[in-house]
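Here's the structure, in structure tokens; my notes come after.
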Amino acid sequence: MIILGIETSCDETAVAVLHGTKRKRTLLSHVIASQIATHRQYGGVVPEVAAREHILNIIPCLDRALKQAHIAPQALSAIAVTAGPGLVTSLRVGVQTAKTLSLAWEKRLVAVNHIEGHLYANWHDSTVIKFPALCLIVSGGHTELVLVTQHGNHTLIGRTRDDAAGEAFDKVAKILNIGYPGGPKIQQLARKGNPAAFDLPRPMLNRQGYDFSFSGLKTAVLYLIKNAYRGKNIPTNDVCASFQQAVIDVLVGKTVRAAMEVGARSVLLAGGVAANAPLREQLRSAVGNIGASGLPFHTPPIELCTDNAGMIAITGYYRALRKRYSAWNTLDAYPNWELV
Ligand code: KG4
Ligand code: ZN
């Protein structure tokens, strides 16, 4: 099958073309028009501005994706599009584009959940992933532990009760005034800092269950800076390193315990925060030490962790296999669509 993927849920306009078979998924192209530079001046995503940029970018991205893949519209098997969750005005641009193309080109339409997309980035090649697979999904809006027993069958076993992990990175970066988006900046500065410099809390780490909470950790950083430094001579690198390590300790600790308790046969990591190198390394190493011989650990290449349309095309491929099509005249954007 050849699937066109379209993603416009937040601030990246993205289009991809996937060749999918049961044995192997191959991305023939994946194009991203990032709006980070536009939103940086506001310190975050401005929904109206994002929607307008999507309108400008979507057709050029589509043209480039088809051209790079050397695929004519007639060769497509289906069109997959992110229908939620996300910013409604942003989602609508992708959904309307996909609906129009579906009608004009007479192609089937597949609605994809953005969070399921992050999860499915792990199926980007020919690697065989053993079920049940436990996936830690960490993005700007979500922090979830999802147990996948087979394709299309997910159970939510834990989630954040307040801020998402990526949101905590972004908010701490704002407190430190080091720019947007916060995750990559904190990772970069943390490299030169000492992760043991400050004794920050590890919220919920030793509590039963698999829920997370990150807003207290963010507040702890805020008070550290207010009380100890009064905004002056802040050892930014050490604060970044200590904060990043606190987040990683919680994510790794909870995921490893969940994997053991639910009897997972593999562990996956996905979402924008999965681009964080120390998180990738420390989770890989901890998963490798589960039980007598360790569990297999998978995480997508970094460009498929942050928002992209490749992951939407891959999810679309697996949904199309199960004939989960949508009608072009009824599909809508669902800003609060929960995965499970
Ligand atoms: O999945 P994503 O691209 O968009 C959403 O669906 O939210 O995730 C974006 C989030 C942002 O909060 C960003 O700061 C974070 O992922 N992020 C990172 C890194 N790269 C992106 N967090 C930590 N370390 C990184 N290297
Ligand atoms: Zn995302």
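Of note:
- In region 124-136, the residues that are open to solvent by 10 Å² or more (accessible area, probe 1.4 Å) and in contact with a strand residue (DSSP E or B) (Cβ under 8 Å, 6 or more places away or on another chain): His124, Asp125, Ser126, Thr127, Ile129, Lys130, Phe131, Pro132
- Some residue of region 214-224 being near ligand 1 (Cβ under 10 Å from one of its atoms) and crowded, with 18+ Cβ neighbours inside 10 Å: no
- Residue within region 54-69 that is buried (at least 16 other Cβ atoms within 10 Å of the Cβ), closer than 22 Å to Trp337 by Cα and at pLDDT 95 or above present: yes
- The residue list Ser102, Ser77, Ser90, Ser139 contains one member that is surrounded by fewer than 20 Cβ atoms within 10 Å (Cβ to Cβ) and among the polar types (S, T, N, Q), which is Ser77.
- Checked against the criterion of being modelled with pLDDT under 95 and away from ligand 1 (no atom under 16 Å from the Cβ), the candidates Gly158, Gly152 yield just one match: Gly152.
- Only one entry of Gly316, Gly294 meets the criterion of being more than 14 Å from ligand 2 (Cβ to nearest atom), over 15 Å from Cys135 (Cα atoms), modelled with pLDDT of 95 or more and not in a helix (DSSP H, G or I), and that entry is Gly294.
- Any hit, region 29-48, residues being over 27 Å from Ala75 (Cα atoms), surrounded by fewer than 21 Cβ atoms within 10 Å (Cβ to Cβ) and either basic (Lys, Arg) or in contact with a Gly (Cβ under 8 Å, 6 or more places away or on another chain) (or both): yes
- Flag if Val112 is within 17 Å of the chain's Cα centre (by Cα), of a type in the set (Val, Ile, Thr) and buried (at least 23 other Cβ atoms within 10 Å of the Cβ): yes
- Scanning region 234-254 for residues that are under 21 Å from Ile290 (Cβ atoms), open to solvent by less than 10 Å² (accessible area, probe 1.4 Å) and within 16 Å of ligand 1 (Cβ to nearest atom) turns up Val247, Ile248, Val250, Leu251.
- Only one of the numbered conditions (1) within 16 Å of ligand 1 (Cβ to nearest atom); (2) assigned to a helix (DSSP H, G or I); (3) in contact (Cβ under 8 Å) with a residue 24 or more places away in the chain; (4) not β-branched (Val, Ile, Thr) is violated by Met260, and that is (1).
- Within the set Lys254, Lys323, the sole residue that is basic (Lys, Arg) and assigned to a helix (DSSP H, G or I) turns out to be Lys254.
- Qualifying residue in region 205-215 (condition: away from ligand 2 (no atom under 16 Å from the Cβ), among the charged types (D, E, K, R) and in contact with a helix residue (DSSP H, G or I) (Cβ under 7 Å, 6 or more places away or on another chain)): no
The values are calculated or read from the model by the stated rules, or taken from the named source; none is laboratory data. If you're wondering where the values come from, they're calculated on a predicted model, not measured in any experiment. Every residue, glycine among them, receives a Cβ derived from its backbone with ideal geometry; neighbour counts consider all protein chains shown. These area figures cover heavy atoms from the full protein model, side chains too; ligands, DNA and RNA do not enter into them. Shrake-Rupley method; radii C 1.70, N 1.55, O 1.52, S 1.80 Å.
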